Amino acid sequence: MKTTVLAALGFATALSMPANAEEIKVGLLLPYSGVYAALSNDIEAGFELAIEEYGSETDASFVLLREDTEVKPPVALAKAKKLILQDKVDVMAGIVSSGVLGAVRDLIDGAGVPLIVANAGNDEATGAHCSPFITRMSFSNGQVNRPMGPWMVEQGLTKVFTLAPDYAAGRQMIDGFTQTFTAAGGEIVGQEYTPFQKTQDFGPFLAKAKASGADAVYVFYAGGEAISFVKQYDSFGLKADLPLFGSGFLTSPLYVNAEGPAAEGVITALHYVPTLDSPENAAFVTAFEAKTGRTPSEYAVQGFDAARALIEATKTGAMDRDSLANALRQVHFDGPRGTLSIDPATNNIVQPIYVYETVAGDAGLTQKVLATLPATLDPVNGCAMAPVSN
């Protein structure tokens, strides 16, 4: 494996490696502590696995330097400056929080250091705030939800009540769904945004959903809020008469077992589930489980594909910042989640979306894929992508 880890978390490092034209310094900027630590562990494990699997295909060697954003934009900005100015990284990868991405965006763009986004889904990052140095290998908030609008209408569900936490991602997720749902002939009969990370009792909102006359409820929740919401939805007794749909982060493999039987029957859409039937995904799941002892989540595959994109870029001969930025915009390959490419108009990933139901399996909860929805390009949404000059 052509990888060297130079920085351990929590320690400044004075270690160095002999410089050579083929060495690529990669700054991993992730929240290793705090509420998103589990996500970061999956992203990093996926990133390292891809280098182990595909690193021999390129002449480049990869030196990884880790920094903890602590999910705090000011901290992330300081750590990004260190990676760029002190450590002189050639490329950066990671970023879980959209707030952190917003905080480092101008620094990345101004310094001309390519960044591979491995999670943050804020639509504006590949829209009005796009940069030729920022390439997203994860998802955009609207992208995950737009295909579900017409699909639900096709299933005969034409009246929907929506719920999401009241912050940028929540509103963008729901907006992506409602735009296509109403365009396909559906009607939003009620819409509520719950106080982000402050709502412990969803009962009043569920009562509104029950009284709305909806055919179904469509939501976005993630992490601890997803666990609480799914459990309360089940205990409220709604699932039988008011089926629950949403963005796949609601029932992520990372924490669906914490939801338990309450998650059974919930139907969601996401860009990856570990039960996808393809040789690429079977190999990835086997290798990830052997490496970590756990089933890969969407976060793991995002890290895996971020590193794979970097490797594919270096295979073109790109080794410096400008050439890497240009090459990353042109990568395409078949990976665990299907055929992937980058839209050069926005630098956002183009990928299929999968509709799946959470069901009970022999070894616990698992995912039953119901439909594969075609990949579509995100709207340009104000992006004016300037070329990178070598």
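Looking at region 325-343, can you tell me whether even one residue there is among the acidic types (Asp, Glu), touching a residue at least 12 places away in the same chain (Cβ under 8 Å) and part of a strand (DSSP E or B)? Spell out how you get there, then give the answer.
Residues of region 325-343 among the acidic types (Asp, Glu): 334, 343.
Then keep just the ones that are touching a residue at least 12 places away in the same chain (Cβ under 8 Å); that gives 334, 343.
Now restrict to residues that are part of a strand (DSSP E or B): 334, 343.
Among the residues of region 325-343, at least one is among the acidic types (Asp, Glu), touching a residue at least 12 places away in the same chain (Cβ under 8 Å) and part of a strand (DSSP E or B), which makes the answer yes.
Within region 123-148, how many residues turn out to be part of a helix (DSSP H, G or I) and either touching an Asp or Glu at 6+ places or on another chain (Cβ under 7 Å) or of a type in the set (Lys, Arg) (or both)? Talk me through it step by step, then tell me what you get.
Filtering region 123-148 for residues part of a helix (DSSP H, G or I) gives 123-126, 141-145, 148.
Next, from what is left, pick out any that are either touching an Asp or Glu at 6+ places or on another chain (Cβ under 7 Å) or of a type in the set (Lys, Arg) (or both): 126, 141-143.
The total comes to 4.
Suppose we filter region 86-122 for residues that are part of a loop (DSSP other than H, G, I, E, B), in contact with a Lys or Arg (Cβ under 9 Å, 6 or more places away or on another chain), free of Cβ contacts under 8 Å to residues at least 60 places away in the same chain and more than 14 Å from Leu29 (Cα to Cα); how many remain?
Counting residues in region 86-122 that are part of a loop (DSSP other than H, G, I, E, B), in contact with a Lys or Arg (Cβ under 9 Å, 6 or more places away or on another chain), free of Cβ contacts under 8 Å to residues at least 60 places away in the same chain and more than 14 Å from Leu29 (Cα to Cα) gives 1.
Here's the yes/no breakdown for (1) among the β-branched types (Val, Ile, Thr); (2) under 21 Å from Val96 (Cα atoms):
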{"residue": "Val219", "(1), (2)": "yes, yes"}
{"residue": "Gly224", "(1), (2)": "no, yes"}
{"residue": "Ser247", "(1), (2)": "no, yes"}
{"residue": "Ser252", "(1), (2)": "no, yes"}
{"residue": "Gly260", "(1), (2)": "no, no"}
{"residue": "Leu276", "(1), (2)": "no, no"}
{"residue": "Ala282", "(1), (2)": "no, no"}
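Hey, can you tell me all the residues within region 43-85 that are assigned to a helix (DSSP H, G or I), within 29 Å of Pro253 (Cα to Cα) and at pLDDT below 95?
Within region 43-85, Gly55, Pro73 meet the criteria.
Please name all residue pairs, on different chains or six or more residues apart, with Cβ atoms under 8 Å, provided the first residue is in region 355-380 and is farther than 15 Å from Thr295 by Cβ and surrounded by fewer than 13 Cβ atoms within 10 Å (Cβ to Cβ) and the second residue is among the aromatic types (Phe, Trp, Tyr) and modelled with pLDDT of 95 or more.
none
Are any residues in region 260-279 in contact with a helix residue (DSSP H, G or I) (Cβ under 6 Å, 6 or more places away or on another chain), of a type in the set (Gly, Ala, Ser) and touching a residue at least 60 places away in the same chain (Cβ under 8 Å), and if so, which ones? Walk me through it before giving the result.
Step one: filter region 260-279 for residues in contact with a helix residue (DSSP H, G or I) (Cβ under 6 Å, 6 or more places away or on another chain), giving 262-263, 266, 268-270, 272, 274.
Remaining after also requiring of a type in the set (Gly, Ala, Ser): 262-263, 269.
Correct list: Ala263, Ala269.
The values are calculated or read from the model by the stated rules, or taken from the named source; none is laboratory data. Note that this is a predicted model, so its numbers are computed, not measured. In this analysis, Cβ positions are derived from the backbone assuming ideal geometry, glycine residues included, and neighbour counts consider all displayed protein chains.
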